[in-house]
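Colleague: Sharing a structure, written as structure tokens. Questions coming.
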């Protein structure tokens, strides 16, 4: 299974002091040496971490494929087309959110997404849609002609955190705050099954073109193995947990340790 390392939060640390250190570009080469397969960045509308110049430098110099997460923003879409990264993953975005809180609402933005995919395709840029693990979203993604989907694993990750740590709740999971540990486990297994079923549908080529299936959001060293056990998922994109651990062990070791966690069964 491939590992895409999201380096947004290196830029978050830089922006805390509004200076030029640490430089996300340096992380690209550390990630390569540590065995990462891809670099992932999110160019947000509010530029809260990654900036346009970061994307340009990394796309032009990275020895690894670069996957850019982007909202359906016309200016950002035009800018990314001019750079032609390996892949662009379309994601939802709200200015007030702490992090991406769910998948794309494909039904509401169907026409816009279709046109953006065509634009990327004309530039030779592969596309992926970041979606919730819902069968109807997978079917719509197929209709739109994207090459891949990335399944949002945030709900699964929050359930793991609530069940397997001493935290009473997270900022994403109000409705599950009062569940027992057994109920959290049952909800977690149900959510895992939804992810697995969507992965099977996406990669099936029985009646139409198969999609590549990726996953990401909230994955860490403790919860990643269960996602890796789903054979139809071929790539994970993981950022915050790797960058957080790197504060204590260094980035290269943090990536190596994530690789090890991904291989556990």
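Colleague: Restricted to the range 59-73, and to residues that are under 18 Å from residue 120 (Cβ atoms) and in contact with a helix residue (DSSP H, G or I) (Cβ under 7 Å, 6 or more places away or on another chain), which residue is surrounded by the fewest Cβ atoms within 10 Å (Cβ to Cβ)?
Modeller: My answer is 72.
Colleague: I've got another one for you. Can you say whether residue 52 is over 18 Å from the mean Cα position of the chain (by Cα), under 30 Å from residue 111 (Cα atoms) and at pLDDT 95 or above, as far as the supplied structure shows?
Modeller: In short, yes.
Colleague: Among the residues of the range 101-109, is there at least one that is surrounded by fewer than 18 Cβ atoms within 10 Å (Cβ to Cβ) and touching a strand residue (DSSP E or B) at 6+ places or on another chain (Cβ under 7 Å)?
Modeller: Yes, the conditions are met somewhere in the range 101-109.
Colleague: Can I ask one more? Right, residue 185: without any contact (Cβ under 8 Å) to a residue 60 or more places away in the chain, part of a helix (DSSP H, G or I), in contact with a helix residue (DSSP H, G or I) (Cβ under 8 Å, 6 or more places away or on another chain) and surrounded by fewer than 17 Cβ atoms within 10 Å (Cβ to Cβ) or not?
Modeller: yes
Colleague: Right, something else. Mind listing just one residue for me: the one in the range 229-252 that is without any contact (Cβ under 8 Å) to a residue 12 or more places away in the chain and within 16 Å of residue 35 (Cβ to Cβ) and, of those, nearest to the chain's Cα centre (by Cα)?
Modeller: 246
Colleague: Taking only the range 248-265 into account, find how many residues are surrounded by fewer than 13 Cβ atoms within 10 Å (Cβ to Cβ) and part of a loop (DSSP other than H, G, I, E, B).
Modeller: Final tally of qualifying residues: 3.
Colleague: Which ones in the range 39-54 are surrounded by fewer than 22 Cβ atoms within 10 Å (Cβ to Cβ) and assigned to a strand (DSSP E or B)?
Modeller: Selection gives nothing.
Colleague: Which condition breaks for residue 60 when tested against (1) within 18 Å of the chain's Cα centre (by Cα); (2) closer than 26 Å to residue 29 by Cα?
Modeller: Here residue 60 clears every test but (1).
The values are calculated or read from the model by the stated rules, or taken from the named source; none is laboratory data. Here the structure is a predicted model, which is why all the values come from computation and not from measurement. As a convention, Cβ positions derive from the backbone with ideal geometry for all residues, glycine included, and neighbour counts pool all protein chains shown.
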